[in-house]
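Participant: A single structure is presented below for examination.
The values are calculated or read from the model by the stated rules, or taken from the named source; none is laboratory data. Note that the structure is a prediction, hence the values are computed from the model and not measured. Ideal geometry is used to build each Cβ from the backbone, glycine not excepted, and the neighbour counts take in all protein chains shown. Only protein heavy atoms, including side chains, enter the accessible area calculation; ligands, DNA and RNA are left aside. Shrake-Rupley method; radii C 1.70, N 1.55, O 1.52, S 1.80 Å.
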Amino acid sequence: MSEPNPTDLTTDSGYQRLLGRISEVYTAGRIRAYQAVNAHITETYWQIGHDIVEFEQDGKVRAEYGKALLSTLSRDLTLRHGKGFSRSVVIRIRQFYLAYPKGATLSHLLSWSHVVELLKIDDPMERSFYEQQAVREKWGVRELQRQKQTSLFLRLAAGKDKDAVLQLASHGQIVAHPADILRDPYVFEFLKIPEPHFISETDLETLLCDHLQPFLLELGKGFTFVGRQYRITINNTHYRVDLVFYHRILRCFVLIDLKINDVQHHDIGQMNLYLGYFAAEENIAGDNPPLGIILTRQKDELLVEYATYQMNSQLFVQKYQLYLPDREELRRELEATLQVAEDRARGGEA
């Protein structure tokens with residue numbers, strides 16, 4: 001009797017299901033183990049930070065020893081436990097407790113590396129936003145670093161009233177309406193286009209598609225890529241939409257048109273045509289009306305206002321930048337918004 005051929009087993013459908021199932025269980029187990037280790041590490045560091053602060057606050061310890069305490073702890077803990085207790089790490093551990101005196105409020109889904117990035121943010125309101133957003137969108141550390149670098153919180157907060165800013169800070173970006181997915185400006189620094197830049201709309205579109213993962217990250221949660229140069233035909237005339245996405249949360253198509261130069265009124269009319277076509281020809285049962293975004297380098301607010309008069313409320317003209325935005329300018333805009341709200345509140349009390 002001949003020996004069974006191992007190849008026959010590997011092609012067996014039942015065996016393939018078994019292999020797939022084991023792989024799924026193993027992968028899920030590794031993820032849970034990784035999350036558990038991260039949770040224990042952050043809990044441990046929080047407790048260490050608590051002990052340091054409690055020791056400092058006992059009598060005049062802090063006044064007497066000052067910064068020497070952290071240096072001494074770093075030296076002695078390193079002697080006892082080896083690497084992992086550099087002075088900078090001990091400083092972060094202490095800062096961790098001070099920033100999160102109620103350790104349970106920090107999500108167990110965030111690693112210590114996430115925490116370190118969050119602790120680099122001085123403003124508690126801004127830090128809270130990135131914390132909530134990292135959990136909500138399952139950002140890795142690199143993604144968190146990029147969103148901080150591109151001032152996502154400040155871009156989303158710009159132009160909002162005080163209540164909306166506070167809501168954003170405490171809960172992250174909640175997508176419930178079309179306007180919730182917009183950013184001002186969009187930042188495409190990941191394309192690494194050198195200054196001075198001379199690039200065509202076609203080249204920009206190609207680069208964005210070649211860097212689809214960071215592009216989707218910049219667009220935000222819920223976007224699924226459908227296609228580029230998406231052809232539609234109306235009365236034997238062909239048109240092409242630059243980029244088409246589907247938004248899983250809003251349950252609608254999102255059409256994006258890229259413009260290198262200033263947006264003109266006919267660009268807005270053309271996008272409205274695309275929206276009408278998708279609503280009539282591409283939507284299926286359960287889909288909401290499509291959303292159109294014209295991305296432009298410059299935006300003439302008055303022209304956009306007049307060109308969209310009584311037009312589809314699902315059409316937006318937004319700016320994009322190839323380089324990082326001016327963080328301080330965005331921060332001044334946010335502070336001015338909050339100051340106006342406070343002045344109005346004082347006026348109402350008077």
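Participant: Of the residues in segment 21-36, how many are within 19 Å of SER107 (Cβ to Cβ) and hydroxyl-bearing (Ser, Thr, Tyr)?
Facilitator: Count: 1.
Participant: Within segment 324-350, which residues are in a loop (DSSP other than H, G, I, E, B) and either more than 29 Å from GLU201 (Cα to Cα) or in contact with an Asp or Glu (Cβ under 6 Å, 6 or more places away or on another chain) (or both)? Walk me through how you get there before you give the answer.
Facilitator: Let us first name the residues in segment 324-350 that are in a loop (DSSP other than H, G, I, E, B), namely 324-326, 350.
Passing the criteria: LEU324, ALA350.
Participant: Now, a different point. Among the listed residues HIS247, HIS171, HIS197, identify the single one that is out of contact with any Gly (no Cβ under 9 Å at 6 or more places or on another chain), under 25 Å from GLY140 (Cα atoms) and not β-branched (Val, Ile, Thr).
Facilitator: Matching residue, one of HIS247, HIS171, HIS197: HIS171.
Participant: Tell me, please, whether a residue that is within 29 Å of ASN312 (Cα to Cα) and either exposed (fewer than 13 other Cβ atoms within 10 Å of the Cβ) or in contact (Cβ under 8 Å) with a residue 60 or more places away in the chain (or both) can be found in segment 134-153.
Facilitator: Scanning segment 134-153, I find no residue that is within 29 Å of ASN312 (Cα to Cα) and either exposed (fewer than 13 other Cβ atoms within 10 Å of the Cβ) or in contact (Cβ under 8 Å) with a residue 60 or more places away in the chain (or both), so the answer is no.
Participant: Can I ask one more? Please specify each residue of segment 157-167 satisfying the condition of being part of a helix (DSSP H, G or I), open to solvent by 10 Å² or more (accessible area, probe 1.4 Å) and in contact with a helix residue (DSSP H, G or I) (Cβ under 6 Å, 6 or more places away or on another chain).
Facilitator: LYS162
Participant: In the list SER107, SER86, which residue meets the criterion of being modelled with pLDDT of 90 or more and in contact with a helix residue (DSSP H, G or I) (Cβ under 9 Å, 6 or more places away or on another chain)?
Facilitator: The conditions single out SER86.
Participant: Return the total of residues in segment 229-271 being surrounded by fewer than 16 Cβ atoms within 10 Å (Cβ to Cβ) and part of a strand (DSSP E or B).
Facilitator: Number satisfying all stated conditions: 8.
Participant: Considering only residues that are out of contact with any Ser or Thr (no Cβ under 9 Å at 6 or more places or on another chain) and outside any helix (DSSP H, G or I), look in segment 106-120 and name the one that is least open to solvent (accessible area, probe 1.4 Å).
Facilitator: Among those residues, the one meeting the criterion is SER107.
Participant: List, please: which pairs have Cβ atoms under 7 Å, are six or more places apart or on different chains, and start with a residue in segment 199-212 that is closer than 12 Å to ASP257 by Cα and end with one that is among the acidic types (Asp, Glu)?
Facilitator: GLU205/ASP242
Residues checked against (1) in a helix (DSSP H, G or I); (2) modelled with pLDDT of 85 or more:
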| position | (1), (2) |
| --- | --- |
| SER2 | no, no |
| GLN16 | yes, yes |
| VAL25 | yes, yes |
| ARG32 | yes, no |
| THR44 | yes, yes |
| ILE52 | yes, yes |
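Participant: So is LEU208 buried (at least 20 other Cβ atoms within 10 Å of the Cβ) and in contact with a Leu (Cβ under 6 Å, 6 or more places away or on another chain) or not? Working first, answer last.
Facilitator: Working: buried (at least 20 other Cβ atoms within 10 Å of the Cβ): yes; in contact with a Leu (Cβ under 6 Å, 6 or more places away or on another chain): no.
No; evaluated as a whole, the condition is false for this residue.
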